[in-house]
Amino acid sequence: MAETGPDQYLREEFNRWAEAGRGEGMEEHHVPIVEPTLALMDLQPTDRVLDVGCGTGWLARRLAASVPRGQVVGIDVSDEMIRRAQLASADIPNVKFLEGSAEQIPAPDDSFTQALSVESAYYWPSPERGVAEIFRVLCTGGSAWILINYYRDNPYCHQWGALYLIPAHLRWAEEWVSVFCQAGFVEVTHRRIPDLSATPEVYTGQWFRDADQMRQFKAQGALLISGRKPPRA
């Protein structure tokens, strides 16, 4: 029997993205907000890092260079994204890629010291289950970091919802904080990561009305939510 349900819809959509070459373009779009996030994570050479929604693996490869004595595992619901990530990373010994969803991470409890998800969490069918799974696979003291551009506090992205072909969660920052707290995280914070890259004088894409709206969106910044897994009581 063919698989049905939210994960199958996500897989089909992101397989189409992969086949259209959109996975490879993510690095250019996301580096301006990812680099400040990596600085906040303070990665250590022996860290074991999970990349949730890894796409074609551009971020996992960056992470692998920062943890030369550790390991990076990238997971994605799209088998085509994973195939392309594996091909592009074949010569990097400390990174591997697995097909899997945020709600069912293919890893044992206490596997990772840090977990990061970039521009993925609002697509998860259940962010609550996804964050709870990240909590499960983090070791004591491990940190989770979710970075998203689509959130209710930034009014300059709300129009994206009508363009998505799959459901997406448009939530307030405080709602994301609540999801982290409900999962068991402590020291939960949220902050904005402005996109300081240059904005074109003329914008002709579908995501913004014009260059000025894009400029205001980037000034508002991406939302970064983070938290730490405490010791067991």
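Computed values, structure above
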{"read-out": "Per-residue ³J(HN,Hα) for the range 208-219, Karplus 6.51 cos²θ - 1.76 cosθ + 1.60, θ = phi - 60°, Hz, x for Gly and Pro", "value": "10, 5, 6, 5, 5, 5, 4, 4, 5, 4, 5, 5"}
{"read-out": "Over the chain: helical MRE at 222 nm, DSSP H runs n ≥ 4 each giving -39500 (n - 2.57), nearest 500", "value": "-11500 deg cm²/dmol"}
{"read-out": "G74 long-range amide H proximity, modeled H, under 5 Å", "value": "D51, K96, F97, L98"}
{"read-out": "Neighbourhood charge, 14 Å Cβ-Cβ cut-off, centred on E174 and excluding it, Lys, Arg +1 and Asp, Glu -1", "value": "+2"}
{"read-out": "Bridge type composition, the chain - antiparallel percent by DSSP, nearest 5", "value": "40 percent"}
{"read-out": "Efficiency of FRET from Cβ geometry, E99 and A211, R₀ 41 Å, rounded to 0.05", "value": "0.60"}
{"read-out": "Integer Hz, Karplus 6.51/-1.76/1.60 couplings in order for the range 151-167, x for Gly and Pro", "value": "8, 5, 5, 9, x, 8, 10, 4, 5, 5, x, 6, 9, 6, 8, 10, x"}
{"read-out": "Unit charges on C-beta of K, R, D, E only; dipole of the chain, Debye", "value": "460 debye"}
{"read-out": "Around L50: net Lys/Arg minus Asp/Glu count, Cβ-Cβ under 13 Å", "value": "-2"}
{"read-out": "Exposure proxy ranking, count of Cβ atoms within 10 Å, fewest first, for D42, D76, D153", "value": "D42, D153, D76"}
{"read-out": "Amide hydrogen neighbours beyond the local backbone of Y150, cut-off 5 Å, H modeled", "value": "none"}
{"read-out": "Bins of 5 Å from zero: percent of alpha-carbon pairs in the range 191-233", "value": "6, 20, 20, 17, 10, 7, 6, 5, 5, 3, 2, 0"}
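The numbers here are math on the coordinates, done by the rules we state, and not lab data. This one's a predicted model, so the numbers in the text were calculated from it and none came from an experiment. Heads up, the Cβs are rebuilt from the backbone with ideal geometry, glycines too, and the neighbour counts pull from every protein chain shown.
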